[in-house]
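For reference, the structure discussed in these notes is given below.
Values in this text are rule-based calculations from the coordinates and carry no lab data. Since this is a predicted model, take the numbers as computed values, not measurements. Glycine also receives a Cβ, built like all others from the backbone with ideal geometry; neighbour counts cover every protein chain displayed.
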C-alpha cells in the first residue's frame with residue numbers, strides 16, 4: 001500500500017481540482033489509482049468531496065422584503081439631489097428623452113464635423129513638416145500651457161451636451177504580468193474598480209474604463225511606471241467620425257495627461273494631433289534630451305515648432321457652452337505581451 | 001438521481017446560461033430607464049447576492065444594507081455597462097468589493113470562537129462529523145439544512161482569512177466556475193485554483209476543531 005503525504009499542498013490541490021472536474025482524463029485516472037492504493041488518500045478525497053457537497057447544499061438565505069423599494073428610493077433621492085443621471089423615469093418619459101438626446105447628438109455631430117474640417121484646413125501643418133527646425137528658445141511655447149483658442153461648439157437649442165471623449169492606450173511589454181498587476185493596482189487606488197470592465201484573450205488584456213474625466217486624468221498621471229516597464233506605447237484619441245482618430249506613437253505619460261487636461265473635446269483632438277506630428281519628427285533620444293533640458297517636476301511640458309494662433313475671425317462662435325455637469329470620458333487600456 | 005461532481009457542474013452551468021440569456025434584454029430595458037425591468041433585475045439576483053454577502057459578513061442587517069448598496073451602485077452605472085463583460089460577474093464584483101470595503105473599514109474580523117455555537121448539541125456534531133468522513137448515509141441536503149449545521153459551517157467560514165472565505169463562497173456556495181471567480185475577483189485563473197485549494201484545506205482543519 002503506497003503512502004502519500006496527503007498534507008502536501010500539491011496533493012490538496014490535486015484533490016481540489018479533481019472534485020471540481022478540472023483534471024484531464026489521464027489525471028483523473030491517476031487520482032483514482034492513488035485512492036485505490038492509499039487509504040489515507042482515499043479518506044482525504046472523500047472528506048473534501050463531502051465538505052464541498054455540504055457547502056453546496058446550504059440553504060440560500062433569502063433577501064429581506066422591500067429591497068427594490070429601498071433601492072428605488074435611494075436612486076430617486078440621488079436624482080433629486082442631482083447626483084445621478086436621470087435614468088429612472090418611466091418608460092414613456094425615458095424613451096422621449098432618449099429620442100431627444102439622439103436627435104440633439106446627431107445635430108451636434110454634424111456641426112462638429114464641419115467645424116473640425118474648417119480647423120483642419122486652417123491649422124494642419126504643411127507636408128514638409130520634418131524640415132521645420134525645433135528651437136530651444138523661450139519663443140517656443142509649450143503645448144499644454146499654450147493658450148487654447150476658445151473654439152465654441154455650435155450648440156443645439158435643445159441641449160448643450162458634447163460627445164463623450166474616448167481614447168485608447170496600447171502598451172506592449174515583455175513583462176505583461178507585472179504590467180497588468182500594476183495597472184490593476186492603479187485602477188483600484190483611484191477608485192475606478194466599479195467603472196472598469198476587463199477581459200483577457202490570447203495574452204492581450206483590455207481594461208475598459210468609463211468615468212469622470214478628472215478620475216481618468218488622475219489615473220493616467222499615476223501610471224508613469226507603465227512607461228518605465230513597456231516597450232511600446234500608442235495612444236489614440238477617437239474623433240467624432242470614423243477615420244478621424246488621431247494616433248500618437250511612442251506617446252509619453254506627460255502627453256497623455258496633457259490631452260486629458262484640455263477642457264474641450266476638439267482641443268484634446270488637436271493636442272493629440274500636435275503630439276503625433278511632434279513624435280513623428282523628433283526621435284526618442286532627441287525627446288529625452290529636450291525633456292532633460294526642462295524642469296519636469298510636476299509640469300507637463302512638451303515642445304513643438306511654433307504654430308500660428310487662431311484668430312477670432314476663424315471662430316464660428318455660435319454660443320457659449322452652459323455650465324458643465326460632471327464630464328465622463330472613456331479610456332481603453334490594452335496590454336500586450338511580447 | 002444521486003448528485004455527482006459532474007452533474008452538479010452541469011446544473012450550475014445550465015442555471016447560469018439560462019439567466020444570462022435573459023439578462024441582456026433586461027439590461028437594455030434598464031438602460032432605457034424602464035422601472036419594471038430594473039425591479040426585475042433586482043428581484044432576479046437579490047437572494048443570491050444577499051446570500052453571498054451574508055456568508056461573508058455573517059450578519060443579516062449588514063448584509064441587507066450591503067445588498068441594497070450594491071444594487072444602487074449597479075443601477076446607477078448600468079448605463080455604462082458594456083457587453084464585453086458578463087453582467088453576472090460584474091454584479092458580484094460590485095457586491096464583493098462593496099462588502100470587503102465595508103469589512104475593512106469596520107475592522108469586521110470575525111471574532112466567533114471555535115467553541116460550539118449556542119444551541120448545538122452533541123448529536124448534531126456527531127452527525128456532521130460522521131457525514132464528513134462518510135460514516136453515514138445521510139443525504140447532504142438533509143444535514144445541510146439543519147439550523148445547527150448552518151451555524152457551525154457559518155462559524156467555520158467566519159474563521160477563514162478574507163481571501164479564502166470569498167473564493168470558497170463564490171465557488172462552492174454560489175456555484176461559480178473558476179473562470180467566473182477569476183473575473184469577479186479580477187485575479188488570475190491560477191490564483192483561483194490555488195486559493196480554493198488552500199481555502200478548502202483551511203476550512204477542513206477549522207471544522208475538525210469545531211467538531212472535536
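Things to note:
- Residues A:122, A:259 in ascending order of nearby Cβ atoms (within 10 Å, fewest first): A:122, A:259.
- In region A:183-249, inverting the average of 1/r over every pair of distinct C-alpha atoms gives 13.5 Å as the Kirkwood radius.
- √(5λ) per eigenvalue of the Cα gyration tensor, region A:1-79, largest first, Å: 46, 13, 10
- Separation between Cα centres of region A:2-49 and region B:63-103, rounded to whole Å: 37
- Three-way shape call for region B:146-212 based on the alpha-carbon gyration tensor, with the a/c threshold at 1.5: prolate
- Proxy reagent accessibility, fewest Cβ within 10 Å first, across A:13, B:174: A:13, B:174
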